[in-house]
Structures are given as structure tokens and as C-alpha cells.
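Taking it in order: structure first as C-alpha cells, then the write-up.
The values are calculated or read from the model by the stated rules, or taken from the named source; none is laboratory data. For clarity, every value in this text was computed on a predicted model and none was experimentally measured. Backbone-built Cβ (ideal geometry, glycine too); neighbour counts: all protein chains shown.
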Amino acid sequence: MLSKQEKIKLLQCHEKIQIVIFELYFKCNFFILETYRDEETQRKLFNLGIVKDRFSKHNFRPSRAIALLPYKITENRLKIQTTRESFLELYNIIKAIGDRHHIRMTWLGKYDSCPTSWIHFELIM
């Protein structure tokens, strides 16, 4: 179930991302880590070397990017999924949902082997 904070974050996203993520919610478990990011935060993250770009799709209003973290529940325990394969599985579900709605999204993990990029999904405009 999306938390109140996650619902607020989702409302900061482009309508097309909202459509995909709402349907994704019924197919798998994930946390919404980040959507909109102001330019000052982007600059700080860039200066710290956490992000590679001075400007991001997170900086648009509404946000054209979303950071997601998959998890599974086994034996009543929540287990964060941190493997590239778990993010690829999440992306494949996102892509299938997007295809059904004619919404194009991509996953930075396709292009970057760095684990900090794996959480990043964005809308292709």
C-alpha cells in the first residue's frame, strides 16, 4: 500500500507516470523514494557526486522521473530488493504497463551499471 507521503510524491509526477505507477501498485511491491527535486537539491547532489547531471527530469514540474525501490514480503518479513535483476523485473512490468497505455518510460539501469542509477525510471517525451 502506498503511504501518505508516497501518494503526495506520486502527485508531483507527470500524469503519464501516475497512470503507470497506479497500475504497478497492483502488480508488485515497491517504495516511491523520490519524484520532484528542486534545482538547489539537484545542485547539491551533483556537487556531492551523487548524481551525474546538473539538471534532471526530476527537476520538471510535474516530475518526468521517479525513483523506486522494489521489495518482497516473505514469511511476514519485508525484504528490500537490491539486485540489478530485481530492478530489471520492475522495469519490465513498468514497460508492459506503459506499452498498454502508449506511455514510453525507460530505466537508467539499462544504460548504467552503477547501482545508484537502478532506482531511476523516467518518462520519454
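Things to note:
- Long-range neighbours under 9 Å by Cβ, at least six apart or interchain, first residue without any contact (Cβ under 8 Å) to a residue 40 or more places away in the chain within the range 93-117, second assigned to a helix (DSSP H, G or I) and hydroxyl-bearing (Ser, Thr, Tyr): THR106/TYR91; TRP107/TYR91; TRP107/SER117; LEU108/SER117; GLY109/TYR91; GLY109/SER117; LYS110/TYR91; TYR111/SER117
- Only one of the numbered conditions (1) in a helix (DSSP H, G or I); (2) of a type in the set (S, T, N, Q); (3) modelled with pLDDT under 95 is not met by GLN5, and that is (3).
- Every listed requirement among (1) touching a Gly at 6+ places or on another chain (Cβ under 6 Å); (2) more than 19 Å from CYS13 (Cα to Cα); (3) of a type outside the set (Lys, Arg) is met by GLU75 save one, (1).
- Filter result for ILE50 (among the β-branched types (Val, Ile, Thr) and under 20 Å from GLU23 (Cβ atoms)): no
- Residue count, the range 1-37 (criterion: in contact with a Lys or Arg (Cβ under 9 Å, 6 or more places away or on another chain) and either within 14 Å of HIS58 (Cα to Cα) or acidic (Asp, Glu) (or both)): 10
- Taken together, the residues in the range 34-79 that are among the aliphatic types (A, V, I, L, M), surrounded by fewer than 15 Cβ atoms within 10 Å (Cβ to Cβ) and assigned to a strand (DSSP E or B) amount to 2.
- Residues that are among the hydrophobic types (A, V, I, L, M, F, W, C) and out of contact with any Leu (no Cβ under 6 Å at 6 or more places or on another chain), drawn from the range 33-49: LEU45, PHE46, LEU48
- Considering only residues in the range 80-125 that are of a type in the set (S, T, N, Q) and part of a helix (DSSP H, G or I), the one that is modelled with the lowest pLDDT turns out to be THR116.
- Here the condition is being closer than 27 Å to LYS52 by Cβ and free of Cβ contacts under 8 Å to residues at least 12 places away in the same chain; of GLU85, GLU89, GLU75, it holds for GLU85 alone.
- Filter result for LEU24 (in a helix (DSSP H, G or I) and either surrounded by fewer than 16 Cβ atoms within 10 Å (Cβ to Cβ) or touching a strand residue (DSSP E or B) at 6+ places or on another chain (Cβ under 9 Å) (or both)): yes
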